[in-house]
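Computed from the coordinates by the stated procedures, all read-outs in this text should not be read as laboratory data. Bear in mind that the values here come from a model prediction, so they are computed numbers and not experimental data. No Cβ is skipped: glycine too gets one built from the backbone with ideal geometry, and neighbour counts run over all protein chains shown.
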Amino acid sequence: MNPSTDIPEMEKQPIRQNWLHKLLHKHLRIPRSMIQPFLMAVKIAGSPGQYRLRKRYAKESLASTKKRLIIPNKDGYRFFEGGDIPGIDALVRYCTRVYEESRTLFSPEYLQKHPTKRFLLPILEGAEFCRHPQLIQFMVSRPILDSVTGYLGTIPRLVGARLCWSPPNETARSSQLFHFDYEDLTQLKVFVNIFETKEDQGPLTFIPADISEHVQKSIRRVSRVSDERIYKAGARNKEVKLIGPAGSGAFLDTSRCLHYGSRFNRRDRLVLIIQFLNIHTAYQSTAPFQVPPDLPGLDLDSVQKLALGIH
């Protein structure tokens with residue numbers, strides 16, 4: 001892999017809010033757990049052919065797949081090692097090179113890109129990945145896509161991605177506190193450690209889905225709450241940490257698993273985060289991008305094209 005310099009820089013796409021969600025949740029105070037299934041049904045009704053197509057492709061794809069990583073629904077996560085996904089060593093080298101080249105370009109104003117979040121900083125984000133088709137090719141490689149499809153039960157949509165640098169910090173706030181992601185009732189993010197990651201590098205830390213569900217029922221809405229509240233609800237000593245060598249990682253349902261990361265880093269951490277959602281999800285990724293159908297450097301089968309929204 002070599003960083004592509006042929007693709008012109010692309011503007012980030014704005015994040016669009018769902019006006020119906022805003023009306024129902026913020027103004028009428030209807031719980032998300034009731035709103036999300038309703039909004040999904042509305043979207044499915046608007047494109048039933050796409051819904052059925054993805055279900056059929058998923059069934060056919062999984063039936064013909066001899067080997068894939070199984071993500072237990074009860075747990076909501078699955079670790080993997082570098083040897084589990086072909087091409088991950090090349091991915092690590094590529095992302096490391098992008099990081100090193102980017103660091104030479106950082107200015108004192110770089111942190112102002114996200115002035116309220118100085119602990120998980122995007123080196124690449126959203127549409128910027130279209131300048132790196134090698135990374136997109138990896139994101140929808142069949143070992144990854146088949147594993148996500150098996151968990152979600154449909155051909156998902158690659159909706160967003162970030163290559164994030166976590167510098168040393170002394171904070172524990174915002175997404176450094178336990179929380180769920182609320183784009184859907186279920187989703188999958190793939191986290192790949194680009195650097196070897198140890199305890200002192202603020203690793204991704206999470207609680208399995210079944211225990212997180214118990215916590216949520218106990219304290220109701222969970223949004224960036226203290227560790228002590230989580231522990232009192234039955235999750236003490238239940239945390240799982242994504243530590244390991246470069247190329248190790250995890251599939252994680254961040255809608256069902258309480259999680260946080262980048263807390264009290266003592267050393268730099270670099271992680272690639274890939275987000276998959278159901279096509280009928282009513283919410284948009286925080287780092288969205290659309291892959292142009294004529295983007296050079298991609299070699300895709302029909303399932304991969306479906307995952308990228310290329311027709």
Helices from the chain with mean Kyte-Doolittle at least 1.0 and a Cα length along the axis of 27 Å or more, per DSSP H: which? none
Based on the Cβ-Cβ distance of K55 and D210, what FRET efficiency does E = 1/(1 + (r/R0)^6) give at R0 = 35 Å, to the nearest 0.05? 0.85
In a Gaussian network model over the chain where Cα atoms closer than 10 Å are linked, find which of R103, R68, R118 has the largest mean-square fluctuation. R103
Cross-link pairs K43/K238; K59/K217; K66/K305 - those with Cα-Cα distance over 26 Å: K43/K238; K59/K217
Which label marks the calculated value of mean projected area of the Cα convex hull in nm², given the options (i) 30.3; (ii) 20.7; (iii) 16.0? (iii)
